[in-house]
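Have a look at the structure below before the remarks.
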């Protein structure tokens with residue numbers, strides 16, 4: 001473990017790989033970090049499993065390093081994203097030209113809807129918000145139009161218009177566009193469950209997040225995709241450009257923050273021309289294909305991966321069809337946004353099947369009233385997921401969880417699960433703060449300034465064999481945490497590691513409740 005710890009401490013995280021930036025999925029570890037972990041804990045040909053697959057970064061990191069990869073997730077969006085990316089990489093020569101054909105047809109059909117004057121098109125519109133978002137009781141008043149003209153494959157000549165005559169041109173939707181507003185997706189009928197934590201107000205529908213023109217443009221694109229001869233076999237890949245573009249197509253702040261798609265400024269909103277947005281995302285996808293063709297991804301690619309739809313706590317070695325050398329995953333923390341609710345925008349637009357029953361399996365705490373039972377069961381689902389993950393391992397396999405939470409009850413649940421699963425803790429490695437993510441936005445007090453990588457093994461060696469297993473000797477009073485000059489996050493990692501090894505985590509949870517209080521007490 002010392003070699004892995006040292007290597008991780010000096011590795012600069014690489015977020016902006018082509019596969020990392022192609023889709024704005026809101027939970028993503030640096031791919032080179034995952035590759036390093038996989039190389040240290042497995043050999044080529046070994047099986048790597050991610051039971052909380054999410055954006056699929058672990059899957060692609062395993063494939064990059066010549067391992068077999070199995071991912072599972074109950075989220076329809078996760079399945080859609082990862083399967084679409086795999087399909088595009090595997091079948092690029094077939095799929096990419098069809099995506100190009102569809103986008104060209106879409107541009108020819110819809111770009112005239114955004115014509116400002118001859119050869120000049122609306123690139124974006126800024127609006128003043130009148131009213132409030134609750135129950136959709138707001139109207140939009142145009143305040144600025146930004147135009148550009150097409151020059152070859154680029155858009156140039158940016159010009160802003162704020163005059164009354166210019167703004168009046170935007171008041172009526174193009175007659176041709178009106179034909180597509182309600183089909184195949186009727187945005188007005190797709191309701192979103194209220195959740196103040198993720199900025200979804202009471203009475204929200206998808207229609208409140210898109211202008212009429214953009215709803216029509218999205219529907220026109222969906223119809224073209226549905227008419228494609230490749231639709232039945234490659235629908236996820238064909239929809240990937242749209243899926244990746246949604247946060248930028250919605251009514252948003254000026255920067256269209258992809259980590260926060262439901263949040264909207266209360267006074268000013270911006271909408272963008274879909275043709276320009278989709279073209280930009282298409283270029284990113286073609287860069288992804290070029291990148292993949294020069295990596296290990298293309299080597300016997302199709303024979304080395306499998307995707308499942310089981311909840312993490314229900315996965316078995318039978319469902320995998322094998323046992324894993326490494327289970328490497330990033331489960332939802334105890335004070336965090338609910339992923340299934342967060343993906344509702346994508347589910348509604350892409351026609352994904354977000355089954356209500358999957359919520360009863362999600363590892364989550366949510367502010368939504370209709371999910372109180374799910375929140376109350378978080379600790380038990382955390383415990384059972386850990387045990388199920390452990391039972392996927394082959395002898396001498398490794399379970400590596402990115403996890404950390406201020407609530408010591410969460411750590412007590414992990415400790416109890418490790419005892420029941422007969423796993424031995426090898427290390428708790430602190431990783432410095434990565435890029436700002438949804439977890440740090442919604443849970444700044446829980447995620448602090450980094451992550452913890454908790455590594456367990458399924459072997460039967462006695463605790464402490466080959467690693468530092470110095471117990472956390474005192475629950476009350478002063479205790480030497482081993483890093484007197486370390487950062488708060490380093491001391492936090494040592495506290496958790498020591499308490500998990502000694503079994504004192506339960507006493508800490510009962511007495512101090514949170515990591516912050518426990519550290520303050522033992523460092524007095």
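Structure above, values below:
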{"quantity": "Boolean, residue 307 is at pLDDT 90 or above, within 16 Å of residue 78 (Cβ to Cβ) and touching a strand residue (DSSP E or B) at 6+ places or on another chain (Cβ under 9 Å)", "calculated": "yes"}
{"quantity": "Set 77, 170: member being modelled with pLDDT under 95 and closer than 30 Å to residue 37 by Cβ", "calculated": "77"}
{"quantity": "Lone qualifier among 274, 265, 247 - being buried (at least 18 other Cβ atoms within 10 Å of the Cβ) and at pLDDT below 95", "calculated": "247"}
{"quantity": "For residue 233: the one exception among (1) in contact with a helix residue (DSSP H, G or I) (Cβ under 6 Å, 6 or more places away or on another chain); (2) within 30 Å of residue 67 (Cβ to Cβ)", "calculated": "(1)"}
{"quantity": "Helices (runs of 4 or more DSSP H) (entirely within region 16-133) containing at least 3 residues that are without any contact (Cβ under 8 Å) to a residue 12 or more places away in the chain", "calculated": "92-110"}
{"quantity": "Residue within region 377-390 that is within 25 Å of residue 206 (Cα to Cα), modelled with pLDDT under 85 and touching a helix residue (DSSP H, G or I) at 6+ places or on another chain (Cβ under 9 Å) present", "calculated": "no"}
{"quantity": "Pick from region 110-121, criterion surrounded by fewer than 22 Cβ atoms within 10 Å (Cβ to Cβ) and touching a helix residue (DSSP H, G or I) at 6+ places or on another chain (Cβ under 6 Å), ranking: nearest to residue 255 (Cα to Cα)", "calculated": "121"}
{"quantity": "Residue that is modelled with the highest pLDDT, among those in region 18-39 that are surrounded by fewer than 19 Cβ atoms within 10 Å (Cβ to Cβ) and closer than 25 Å to residue 333 by Cα", "calculated": "36"}
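The values are calculated or read from the model by the stated rules, or taken from the named source; none is laboratory data. Values in this document were obtained by computation on a predicted structure and should not be read as measured data. Glycine also receives a Cβ, built like all others from the backbone with ideal geometry; neighbour counts cover every protein chain displayed.
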